[in-house]
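Presented below is the structure to which this report refers.
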Amino acid sequence: LTTLQTAYTLRTDRYRYTKWLDTKGPNQELYDRLNDPAEMVNLANDANYQDIVSELDPLWEQHVKRVRTHPDGLEYRESKDADENVTTDEYLELERLGKLPKSTD
């Protein structure tokens, strides 16, 4: 699992699956590293690859939750404004429900 700001990437022998925890840019990317080693064609929204996305997404969720969990009750918080801080679980639930605030950037 690789992270870059609010994006996390899960790699398998064949695929690279990236998903963002914010509302900027595309929400997810899927690349077939065997047939597209330069990663030029995003397959995440291709109907022929939805089984792969459905297989990788729960693994991605598990790994992201694991790496964003802190010991001894510490919580991971991220926000532009201190008043908007939420826990990781709250953030992931808001994302799942499609209730994240729209970016004004």
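Derivation of every value follows stated rules applied to the coordinates shown; laboratory data play no part. What you are looking at is a predicted structure, and each value in this text was computed from that prediction instead of being measured. Because the Cβ atoms are built from the backbone with ideal geometry, glycine has one as well, and the counts that use them run over all protein chains shown.
Tabulated data for the structure shown
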{"quantity": "Karplus-derived HN-Hα couplings along region 43-57 (A = 6.51, B = -1.76, C = 1.60, θ = phi - 60°), whole Hz, x at Gly and Pro", "calculated": "9, 4, 9, 7, 4, 5, 10, 5, 5, 5, 4, 5, 7, 7, 4"}
{"quantity": "Under 5 Å, built H, 5+ apart or other chain: amide partners of Ala44", "calculated": "Leu30"}
{"quantity": "Estimated FRET transfer efficiency when R0 is 25 angstrom, pair Asp57-Leu94 (beta carbons, to 0.05)", "calculated": "0.90"}
